[in-house]
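No lab work stands behind these numbers, since they all come straight from the coordinates. Keep in mind it's a predicted model, so treat the numbers as computed, not measured. Every residue, glycine as well, gets a Cβ built from its backbone with ideal geometry; the counts of neighbours run over all protein chains shown.
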Amino acid sequence: MRRRTCCFILFIAFSFSCLGQDGSTGAIRGTVLDPSGNRIAGATVALVNDANGVHYERASDSRGQFAFELLPPGDYSARVAGEGMSPQLSPGIHVAVGGASEITFKLALAGARESVTVSAEPHSLETQPRGLSTVLDERAIQNLPLNGRRFTDLSLLTPGATQDPAGRTLIRTET
């Protein structure tokens with residue numbers, strides 16, 4: 001009886017350790033270094049899935065290491081930035097199912113002055129409304145003399161709306 005209990009406890013302990021493993025994901029691990037090869041602690045490592053744009057972000061630990069675990073397989077782009085260092089981009093990191101990609105970033109010192117200029121064409125704005133509209137309140141609808149009480153006749157009260165000669169459809173004219 002004692003032997004069965006020990007075997008049962010060991011079986012349960014090993015089965016729980018297997019639950020944490022996932023065979024459909026991968027990982028990216030790496031190190032962040034400065035120009036002299038020293039490790040950079042607290043560097044920001046940002047990872048973007050190229051297929052769907054999902055963004056992951058971590059900081060390197062005290063040994064300059066980082067790890068992104070349980071990533072869906074695919075291609076990723078990474079950006080690393082550290083205090084006093086120029087950011088580094090690394091496109092094309094592939095994560096395979098069950099695999100771990102290793103990468104080392106070696107950051108360069110930032111110059112005395114660094115600037116970023118973003119320019120784009122201004123979007124054209126519509127300053128005048130293009131459509132015609134009118135709001136009729138309930139009292140106006142009840143007091144208007146309409147032949148047959150057709151709702152389409154109410155639309156003729158909108159400025160710029162006319163009816164075709166056959167009387168079947170509305171013709172909208174823009175002014």
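Applying a DSSP loop filter and a limit of 12 other Cβ atoms within 10 Å to the trypsin sites (Lys or Arg not before Pro) in region 78-121 leaves R113. By the count of neighbouring beta-carbon atoms within 10 Å, fewest first, I12, I28 end up ordered I12, I28. Sparse packing (at most 11 other Cβ atoms within 10 Å of the Cβ) combined with a DSSP loop state is found for the following GluC sites (Glu not before Pro) in region 1-109: E83. In a fully extended conformation the segment linking V116 and R3 would gain 33.7 nm over its present Cα-Cα distance, using 0.36 nm per residue.
Each of S101, G74, S62 was scored by the projection of its Cα onto the charge dipole of region 26-125, and the greatest displacement toward the positive side belongs to S62; charges sit on the C-beta of Lys, Arg, Asp and Glu. Stretching S124 away from L157 to a fully extended chain increases their span by 8.7 nm, per 0.36 nm per residue minus the current alpha-carbon distance.
Taken as Cα centroids, region 81-110 and region 38-68 sit 8 Å apart, rounded to the nearest whole angstrom.
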